[in-house]
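Single-structure report; data block below.
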Amino acid sequence: MFNALNRFMSRLDGQQPTQQNNQGSFGFQVLRNTNLELNVEPWFDFIIGINGRPIDNPDPSLFAQEVRNCAGGSVSLGLWSAKGQRTRELHALVPHDTASLGLSLQWTPLAVAANIWHVLD
């Protein structure tokens, strides 16, 4: 029901959904965000790409190394939102001193977000 509503709203906005089928897709689910400058929503946002490349390896040290390589500059993150089921690109500055984004991540299949309950008052 909500998928149909999201597709309808996308048509009204003039936007095409960028990713419909997430079966077999994985990404780093954002569990915690301590960086207030990053527009990333814990539990609903998944990092599916970095610097224009999809993430296809669950090894977190490879992801962390790519972020460290961008220290003092910016990193481009491909995000998939479970709420809107859309992808977006986020450019984040990586501090030179810490080389950290302030995110806690977990490698998770995107299919876990297929059934989200929306509590309405």
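Taken together, the values in this text are just the output of simple stated rules run on the coordinates, not laboratory data. Keep in mind that this is a model prediction, so the values were computed, not measured. With ideal geometry, Cβ positions are generated from the backbone for all residues, glycine too; neighbour counts draw on all protein chains shown.
Before moving on, here are some points about what is shown:
- What the phi angles of segment 35-43 give under the Karplus curve with 6.51, -1.76 and 1.60, with θ = phi - 60°, is a coupling list of 9, 5, 7, 8, 8, 10, 9, x, 6 Hz, glycine and proline written as x.
- Exposure proxy ranking, count of Cβ atoms within 10 Å, fewest first, for Leu38, Leu103, Leu31: Leu31, Leu38, Leu103
- Of the trypsin sites (Lys or Arg not before Pro) found in segment 26-121, the ones in coil according to DSSP and having at most 14 other Cβ atoms within 10 Å of their Cβ are Lys83.
- A Förster radius of 41 Å combined with the Cβ-Cβ distance from Ala99 to Leu120 puts the calculated FRET efficiency at roughly 0.45.
- Of the chymotrypsin sites (Phe, Trp or Tyr not before Pro) in segment 20-121, those whose Cβ has at most 16 other Cβ within 10 Å and which sit in DSSP loop: Trp43, Phe44, Trp117
- Segment 25-113 pair-distance distribution - Cα-Cα, 10 Å bins, rounded %: 18, 57, 23, 2
- Estimated at 0.36 nm per residue, the fully extended path between Arg32 and Val112 surpasses their Cα-Cα distance by 27.1 nm.
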